[in-house]
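Reviewing the structure listed below.
The values are calculated or read from the model by the stated rules, or taken from the named source; none is laboratory data. Computed from a prediction, not measured in an experiment: that's the story for all the values here. Positions of Cβ are backbone-derived with ideal geometry, glycine not excepted, and every protein chain shown enters the neighbour counts. With ligands, DNA and RNA removed, areas are computed over all heavy atoms of the protein, side chains included. Shrake-Rupley method; radii C 1.70, N 1.55, O 1.52, S 1.80 Å.
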Amino acid sequence: MPQLNFHDSINFLSKLTPYKIWNGTKVLSSYYLSRWRKKPIQWGLPISISFEPTTSCNLRCPECPSGLRQFTRPKGMLDNQFFEKTIDEIHRHLLYLIFYFQGEPYLNKNFLDMVAYAHSKGIYTATSTNAHYLTDEVARKTVESGLDRLIISIDGTTQEVYQQYRRGGRLDRVIKGAENIVKWKKELKSKTPFVFFQFLVVKPNEHQIEDVKELGRKVGVDEVRFKTAQVYDYENDPNHLIPENNKYSRYKKAEDGKTTPKNKRANHCWKLWHANVITWDGKVVPCCFDKDATHRLGDLNNDSMKDIWQNENYKDFRAKLMQSRKNIDICANCSEGLGVWK
């Protein structure tokens, strides 16, 4: 679920309905009952969903399957008709929808039409972008679409530092894109989208933490937030990304000198009870850490979300997680509980 500030909170809460509250109560109570009994029980339907607009990306970030072009799963664009059909099915219980999994959402030409459709159904909408396509015209359409939250990835305050992670990117375009959004919010007298710079803290940029806060104030975004970086080969860190500042690291040094994740990987996970991810071609996977969709729990081309949410694949996955989460590969890099720092 999204981290909120006061004005964003009011907007988020405005999306609640009696049915969504009832559904959320069932989901939350079944999660805690499952933890108490150490056995998965699932009531209600997903509160939060991530929908993948595309697998394509213009950048080549070193820890991203999309940037590295390393997917083994099919690549493509989310179809607008399939999206609307799915939203028609799930909007009654859905509170939060993020248009992101892998890829750059704005590369899908129908992206903002999909945002507008979800907005018309009373869903809180969000997306994450590298901001290279936020031209003046696209920025205006973004504000007009009703998008509630816009996360702009900005991992450096100078081109030299920025490009060390955002390979192939141009910082000046990111800043200009953010300025365009801020401009059109003012022009259209819109309180949305809530815009924040997201700074992925890695070793090459950790010295610019204070600088990006100042840049955020200068551009006029609502907030600046910091995120820990996922490193696949964290034991060797071949790209030298793990920061020195322990506060912003997803990893720690063990007594034997080995690098290990901070997350203790307890045998429970809130995400498995309230959220999931839908790939561009309709596959349902447990969460955003299953980037190559290796744990496919269902296919919305064949079954409804309601049926998938309670099918044997899901029940088996939740049971395995509660028995031994450390043995599930996608949990190794999980940031659950580590959060995002302002």
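Using the structure shown, select from Lys183/Lys252; Lys252/Lys291; Lys109/Lys315 the pairs with a Cα to Cα distance greater than 31 angstrom.
The pairs that break the limit, which is 31 Å between Cα atoms, are Lys183/Lys252; Lys109/Lys315.
Which residue fluctuates the most in the chain, going by a Gaussian network model with Cα springs under 10 Å, if the choices are Val201, Val161, Val277?
Comparing Val201, Val161, Val277 in the GNM, the peak value goes to Val161.
Please quote Rg/Rh for the range 54-120 to two decimal places, taking the Kirkwood radius as Rh and restricting both calculations to Cα atoms.
A ratio of 1.02.
Evaluate Rg over Rh across the range 130-188, taking Cα atoms for both radii and Kirkwood's formula for Rh.
Using only Cα positions, Rg/Rh for the range 130-188 is 1.02.
Evaluate the Kirkwood expression for the hydrodynamic radius of the range 166-214, namely the inverse of the mean inverse distance over all pairs of different C-alpha atoms, and round to one decimal in Å. Kindly include the intermediate steps, with their values, before the conclusion.
Details: mean 1/r = 0.0790 Å⁻¹.
Computed over Cα pairs of the range 166-214, the Kirkwood hydrodynamic radius comes out at 12.7 Å.
How much accessible area per residue does the chain have, in Å², with a 1.4 Å probe?
Each residue of the chain exposes 46 Å² on average to a 1.4 Å probe.
Report the gain in length on full extension from His207 to Gln310: 0.36 nm times residue separation, minus Cα-Cα distance, nm rounded to one decimal.
Details: separation 103, 0.36 × 103 = 37.08 nm, distance 4.68 nm.
Full extension from His207 to Gln310 adds 32.4 nm.
Looking at the range 44-197 only, what percent of DSSP beta bridges run antiparallel? Nearest 5 please.
5 percent
Need one number: nm distance between label points at Arg92 and Thr158, each 7 Å from Cα along Cα→Cβ, rounded to one decimal.
Calculated label separation equals 5.7 nm.
Rounded to the nearest 20 Debye, what is the dipole magnitude of the chain about its Cα centre when Lys and Arg each give +1 and Asp and Glu each give -1 at the C-beta?
Numbers: 53 positive and 40 negative charges, 193 e Å.
Using only the charged Cβ atoms, the result is roughly 920 debye.
Just to be sure I understand the curve: with the Debye formula and one point per C-alpha of the chain, what is log10 I(q)/I(0) at q = 0.08 Å⁻¹?
These q points yield log10 I(q)/I(0) values of -0.37.
Treating only the Cβ atoms of Lys and Arg (+1) and Asp and Glu (-1) as charged, compute the dipole magnitude of the range 1-118 about its Cα centre; round to the nearest 20 debye.
Taking the Cα centre of the range 1-118 as origin, the dipole is about 640 debye.
Direction-averaged shadow area of the convex hull around the Cα atoms of the range 59-204, nm²?
9.2 nm²
So, in nm, how far is label Lys262 from label Asn110 when the simple model puts each one 7 Å beyond its Cα toward the Cβ?
4.1 nm
Below 11 angstrom from the Cβ of Leu171, what's the summed charge of the other residues (Lys, Arg +1; Asp, Glu -1)?
My count for the surroundings of Leu171 gives +1.
Ignoring everything except DSSP H segments at least 4 long, calculate the 222 nm mean residue ellipticity for the chain; use -39,500 (n - 2.57) per segment, divide by total residues, nearest 500.
Details: 12 runs with 120 residues, N = 342.
Dividing the helical sum by the residues of the chain leaves -10500 deg cm²/dmol.
Could you work out the local net charge near Leu241, counting Lys and Arg as +1, Asp and Glu as -1, over the other residues with Cβ closer than 11 Å to its Cβ?
Net local charge, Leu241 excluded: -3.
Each label point is 7 Å from the Cα along the Cα-to-Cβ direction; what then is the distance between the points at Ile10 and Thr294, in nm?
For the pair Ile10/Thr294, the computed spacing is 4.6 nm.
Would you mind getting me the FRET efficiency between Gln70 and Asp136? Use the beta-carbon distance for r and R0 = 22 Å, nearest 0.05.
0.05
Beyond a 28 Å Cα-Cα separation, which of these cross-linked pairs lie in this structure: Lys85/Lys186; Lys85/Lys185; Lys121/Lys185; Lys15/Lys326; Lys38/Lys247; Lys20/Lys247?
In this structure, Lys85/Lys186; Lys85/Lys185; Lys15/Lys326; Lys38/Lys247; Lys20/Lys247 lie more than 28 Å apart at Cα.
Looking only at the chain, where both bridge partners belong to it, what percent of the DSSP beta bridges are antiparallel (to the nearest 5)?
So the antiparallel bridges amount to about 30 percent of the total.
Within 10 Å, Cβ to Cβ, of Asn327, how many net charges do the neighbouring residues add up to if Lys/Arg are +1 and Asp/Glu are -1?
Details: positive: Arg265, Lys320, Arg325, Lys326; negative: Asp329.
Spelling it out: positives minus negatives among the neighbours equals +3.
Please compute the Cα-Cα pair-distance distribution of the range 252-342 with 10 Å bins starting at 0, giving whole percents from short to long.
Bins of 10 Å from zero give 15, 45, 27, 10, 2 percent of pairs.
No solvent, one uniform scatterer per C-alpha: report log10 I(q)/I(0) for the range 181-256 via the Debye equation at q = 0.11, 0.14 1/Å, two decimals.
-0.40, -0.57
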